[in-house]
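Engineer: If you scroll down you'll find the structure; I have some questions about it.
The values are calculated or read from the model by the stated rules, or taken from the named source; none is laboratory data. Since we're looking at a predicted model, the values are computed, not measured. Positions of Cβ are backbone-derived with ideal geometry, glycine not excepted, and every protein chain shown enters the neighbour counts.
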Amino acid sequence: MATHTSLPQVKNTPHDHDHEHGVECCAHHELKLERWILVYFVGGLLAFISTLCRWFALADAEISQIPALIGALLLGAGLFYSAGKELFRGQWSSSTLAALAVLAAIATGAYEPAAYLAFILLVADQALRRTAWGARRAIEQLVQLTPDIARIVEGSSEREAPIEEVKVGTIVRVRAGENLPVDGVVTAGKSMINQASLTGEAAPVEVEPGSTVYAGTTNITGTIDLRTTQIGEDSTIGKVASLIHAAEATRTPRQLMIEQVARYFVPVALVTAALVWYLTNDMEKAITVLVVVCPSALLLSSPTAMMAAFAAAARLGIMIKQTSYLEAAANIDTIVLDKTGTLTTGKFAVSRLAPAPGVDGAELLQAAADAEQHSNHPLARSIVHTAEQARIVPASGGNFEEIHGRGVRGTTASGELVAGRATWLRELHPANIQQIEEVESKIEGMTGVHVMRAGRYLGAVGLEDKLRYNAKGVVEKLRELGIRKTLLFTGDRFAVAKRVGVSVGVDQIEAECLPEEKHDLIQALVRGGSRVMMVGDGINDGPSLAAADVGVAMGLSGSDIATNSAGVALMNDDLSRIPFLMMLARRSKLIIGQNIAAAIVIALIGLISAATGALPLWLAAFYHFVGDVFVIGNSFRLIRFGEDFAGSQDHFASTGPQRTQPVQRRASASLKPAVPAGA
Ligand code: ADP
Ligand code: MG
């Protein structure tokens with residue numbers, strides 16, 4: 001059975017190798033195509049000469065058929081070649097059936113029908129493929145916005161060069177209005193960049209020296225120089241493109257099942273054709289049966305839809321890593337949301353400094369900044385930012401280690417430095433318990449980062465961040481979509497978790513979880529039969545994201561996409577993408593269902609009408625493609641799904657009255673499994 005994994009579908013023609021290279025080969029492709037058109041034309045003309053001879057009795061009946069025979073062989077050659085190749089690989093598909101039909105027609109002396117049949121099959125196939133190319137190109141245009149010329153900066157001069165000359169480290173200049181050719185870090189200049197092609201967000205972002213910028217995005221206002229970090233396929237947009245292509249090629253369990261079913265088409269067609277021949281003694285009918293039964297539409301049902309869905313998702317900055325995650329996202333019934341950076345912005349403001357007795361606030365902030373300077377945690381970034389504004393320069397030197405979900409620890413010239421959650425510091429230095437508790441009461445309701453230096457407890461920095469503007473609306477939308485349970489997991493204190501949880505309206509809160517506890521809770525949910533989607537910031541939720549049926553990491557930048565353990569990566573941090581993803585997944589599932597049903601019905605109708613003689617052979621040659629056309633057209637409707645979503649900023653922003661949800665207190669310090677819904 002042929003694996004129709006690459007679109008445009010490879011069928012009936014011998015030159016199936018040259019689509020795999022995508023757009024680049026088009027010029028070369030057109031050339032090849034022209035040559036084949038000439039062959040088709042000559043073949044068709046020969047058959048027509050025979051027909052004319054027969055009509056006007058211009059030659060002896062036998063002799064008049066010679067041009068048709070040559071034409072049939074000429075036209076059939078392409079079909080035989082690809083069928084032979086398939087058989088050689090032990091796969092059979094519609095190419096085999098179509099070739100067999102032409103062969104049978106030639107063998108029984110029906111040269112004219114054989115030639116016309118082959119002619120229609122080949123020409124219609126080309127037409128179909130050209131249409132499919134068009135659609136495919138449209139998809140590629142979504143992501144291939146990278147210019148192929150770059151302006152390379154060398155010393156004080158610049159020159160334009162083909163993109164191939166740009167290497168990692170090359171300095172590239174991008175003027176206002178141009179698209180970026182590579183991923184890189186800005187070294188000079190300030191500008192606004194529209195990253196909609198990657199993130200789906202219309203609002204441009206400001207960049208300055210040090211900012212990371214991406215190939216395929218548009219520089220709007222100023223000239224910038226950037227140092228190349230990633231080129232071509234390694235660039236973020238390159239990875240996005242390969243994800244979309246991979247979506248078409250991977251075989252999910254469903255696709256394997258479809259292939260199993262399709263496998264039955266060939267023997268069924270052969271047996272039916274043989275029966276028809278035996279019963280009616282009408283070879284043409286038998287040949288017609290072979291021509292119409294074409295499982296290629298069935299094989300295309302899922303890959304085409306997946307590719308289109310991946311492209312639709314990519315436009316909104318949603319990178320789905322495997323088709324199986326898109327399949328799974330359609331059936332989710334439980335959603336676990338991380339708090340920091342997911343439901344909240346993760347942009348903390350330092351609200352209070354609560355130094356321990358005898359410690360100065362500035363000293364506390366200095367020590368906190370020293371400890372957090374190398375951490376990427378939102379709390380750490382915020383503390384360092386606040387310190388900078390207070391003109392505090394983090395001390396250089398020291399060895400630091402991040403302990404996920406707990407804090408950071410390091411050795412510096414002035415001794416051991418620890419910053420992190422209260423429970424962790426208590427574990428490390430039980431002697432400080434009372435002091436920590438006193439400080440905790442001063443930062444009630446805030447997220448606290450406690451600091452200790454050289455065995456001395458310095459106090460805590462109290463921070464607060466804001467709820468995302470659409471968090472509540474998104475949770476409501478999820479419930480509307482039939483999610484049975486929404487849970488909030490956080491490593492933060494219960495008081496903070498509760499405030500967030502109640503205002504967005506989750507069903508359950510799990511506070512003060514360590515990353516491994518989050519993971520265990522998710523595993524328990526999955527084992528309990530829930531179909532779980534976990535949404536996190538991807539900073540220290542890796543194991544949890546991997547344990548869920550679908551893990552979604554928010555706000556990732558290019559290089560994180562590949563390394564992150566989430567099945568779905570969001571290039572932005574817009575929560576509205578979560579319900580969108582579910583809607584897209586469900587729509588894809590629906591479309592694939594339609595495709596499968598239509599492919600089977602179309603094949604059966606063809607089979608019956610061919611067997612009963614209702615379908616003449618020439619019409620059968622066109623009918624051969626009806627299923628493919630339907631499936632491709634139906635699938636590519638998905639590309640437009642969510643078009644109105646792109647660029648718009650206020651999805652699911654909730655304006656309605658605040659709804660209070662029952663909240664269970666489950667501040668689990670031990671490994672308490674969450675009770676799955678309905679258990
Ligand atoms: P969340 O579950 O809300 O995303 P995390 O698991 O990232 O939170 O962190 C849990 C808690 O651990 C934080 O509230 C904080 O107290 C502490 N923590 C984690 N990382 C750090 C860090 N780099 N610096 C200070 N505290 C940290
Ligand atoms: Mg987190």
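Engineer: So which of Gly341, Gly415, Gly398 ends up being farther than 14 Å from Val461 by Cα, more than 16 Å from ligand 2 (Cβ to nearest atom) and either modelled with pLDDT of 95 or more or out of contact with any Ser or Thr (no Cβ under 8 Å at 6 or more places or on another chain) (or both)?
Structural biologist: Gly415
Engineer: Being in contact with a Ser or Thr (Cβ under 7 Å, 6 or more places away or on another chain) and in a helix (DSSP H, G or I) is the filter here; which residues of the stretch 57-78 pass it?
Structural biologist: Ser64, Pro67, Ala68, Gly78 - these are the residues of the stretch 57-78 that are in contact with a Ser or Thr (Cβ under 7 Å, 6 or more places away or on another chain) and in a helix (DSSP H, G or I).
Engineer: Out of Gln366, Gln373, Gln434, I need the residue that is without any contact (Cβ under 8 Å) to a residue 12 or more places away in the chain and more than 14 Å from ligand 2 (Cβ to nearest atom). Which one?
Structural biologist: Only one candidate passes the filter, namely Gln434.
Engineer: What about Thr411, is it surrounded by fewer than 21 Cβ atoms within 10 Å (Cβ to Cβ) and free of Cβ contacts under 8 Å to residues at least 40 places away in the same chain?
Structural biologist: Against the criterion (surrounded by fewer than 21 Cβ atoms within 10 Å (Cβ to Cβ) and free of Cβ contacts under 8 Å to residues at least 40 places away in the same chain), Thr411 qualifies.
Engineer: Restricting to the stretch 82-112, name every residue that is modelled with pLDDT of 85 or more and hydroxyl-bearing (Ser, Thr, Tyr).
Structural biologist: Thr108, Tyr111
Engineer: Which condition number in (1) in contact with a Phe, Trp or Tyr (Cβ under 6 Å, 6 or more places away or on another chain); (2) under 30 Å from Ala371 (Cα atoms) is the one that Lys477 fails?
Structural biologist: Condition (2) is where Lys477 drops out.
Engineer: Report yes if Met571 is closer than 17 Å to Asp333 by Cα and touching a residue at least 60 places away in the same chain (Cβ under 8 Å), otherwise no.
Structural biologist: Numbers: closer than 17 Å to Asp333 by Cα: no; touching a residue at least 60 places away in the same chain (Cβ under 8 Å): yes.
No, not satisfied.
Engineer: Further question: Can you work out which of the residues in the stretch 362-415 that are within 15 Å of ligand 1 (Cβ to nearest atom), part of a loop (DSSP other than H, G, I, E, B) and touching a strand residue (DSSP E or B) at 6+ places or on another chain (Cβ under 7 Å) is farthest from Met554 (Cα to Cα)?
Structural biologist: Within the stretch 362-415, the match that is farthest from Met554 (Cα to Cα) is Gly398.
Engineer: Another one. Can you name the residue in the stretch 499-523 that is of a type in the set (A, V, I, L, M, F, W, C), in a helix (DSSP H, G or I) and more than 27 Å from the chain's Cα centre (by Cα) and, of all such residues, is farthest from ligand 2 (Cβ to nearest atom)?
Structural biologist: If we take residues in the stretch 499-523 being of a type in the set (A, V, I, L, M, F, W, C), in a helix (DSSP H, G or I) and more than 27 Å from the chain's Cα centre (by Cα), then Val502 is farthest from ligand 2 (Cβ to nearest atom).
Engineer: Would you call Ala603 touching a Phe, Trp or Tyr at 6+ places or on another chain (Cβ under 9 Å), crowded, with 24+ Cβ neighbours inside 10 Å and not assigned by TED's automatic domain parsing to the domain that holds Met534?
Structural biologist: yes
Engineer: Follow-up question, since we're still on this one. Of the residues that sit in the stretch 473-498 and are away from ligand 1 (no atom under 16 Å from the Cβ) and in a loop (DSSP other than H, G, I, E, B), which one is nearest to Gly536 (Cα to Cα)? Write out each step before concluding.
Structural biologist: Our first condition is that a residue be away from ligand 1 (no atom under 16 Å from the Cβ); within the stretch 473-498, this holds for 473-485.
If we keep only those that are in a loop (DSSP other than H, G, I, E, B) too, we end up with 481-484.
Values: Leu481: 20, Gly482: 21, Ile483: 18, Arg484: 19 Å.
Step by step, filter the stretch 473-498, then rank; the result is Ile483.
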